[in-house]
Amino acid sequence: PTKRFTIHDSLNSRDVTLSPRDVEIIRRIQAGAYAHPEHDATPDYVPYYSSVPNKEGLHSNTVQPKSRFQPSKWEALQVRRMLKKLKEGSIDMAWLTGEKRTMQPRPKSETDKPYLMWTGSEEDELLYRKGPSHVPAAKASPPSTAESYNPPPEYVPTPSELAAWDKLDVSDRPYGLV
C-alpha cells in the first residue's frame, strides 16, 4: 500500500513515502486550489468602519472653494445661446424638450426616390465585371538525377542490356529513361 505514495528523490538519491495529507496538498496545488484544505478563501466580513460617517476627519475644517457657490460660466453661456435662438425663432420649446428632433423639414433629394438597380446593357456589365484571377500554367519539373546523368562510355548499357530492359514491364524497370 505504501508503494502508491512512494516517490524517488533524485537530488538526495532516496525514496520518500508521502502521507495522505501530502498527497492531498499535491492534488490541490495541481488543481489550482489553495494548498491547505483548512484555508478559507472567503472569510466572514468584519465591519471595521461603520456606515455612519464621522464629522471629524482630515478635511473636515477646510473652507469650501468659492467656485462651488457660483454658477458655472459654461452653463450661463449655453443658456444665453438658447434664449437668443428662442427669441429669433430658430428653435421652440418642443425642440428644447425633445418632442421634435429638428426644426426644419428634411428636404427630399434625388437619392430618396426609387431607382433601378440593374440598368444598362449586358456589354456594359461584362466590361465592369471582374473574372477569376489569372492562374499561371504549372511548370515542368526539372530533370531528375538519372535523366540528367551523362555517364562515361564504360557505364553505357550494351545492346543486349538494352534489349533486356525493353522486355521488362514499364512498372518493373528500375528507372524511366535509358
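Results, tabulated for the structure shown:
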| item | result |
| --- | --- |
| Test result for ALA41, open to solvent by 80 Å² or more (accessible area, probe 1.4 Å), modelled with pLDDT of 80 or more and outside any helix (DSSP H, G or I) | no |
| Subset of the range 71-110 that is open to solvent by less than 60 Å² (accessible area, probe 1.4 Å) and part of a loop (DSSP other than H, G, I, E, B) - its residue that is modelled with the lowest pLDDT | MET103 |
| Residue check for GLU154: surrounded by 10 or more Cβ atoms within 10 Å (Cβ to Cβ), modelled with pLDDT of 70 or more and part of a helix (DSSP H, G or I) | no |
| Condition broken by ASP15, with the remaining ones in (1) part of a loop (DSSP other than H, G, I, E, B); (2) in contact with a strand residue (DSSP E or B) (Cβ under 6 Å, 6 or more places away or on another chain) satisfied | (1) |
| Search result, residues across the range 20-38 that are of a type in the set (Ser, Thr, Tyr) and loosely packed, with under 10 Cβ neighbours inside 10 Å | none |
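The values are calculated or read from the model by the stated rules, or taken from the named source; none is laboratory data. Everything quoted here is computed from the prediction, not taken from an experiment. With ideal geometry, Cβ positions are generated from the backbone for all residues, glycine too; neighbour counts draw on all protein chains shown. What goes into the accessible areas is simple: the full protein's heavy atoms, side chains included, and nothing from ligands, DNA or RNA. Shrake-Rupley method; radii C 1.70, N 1.55, O 1.52, S 1.80 Å.
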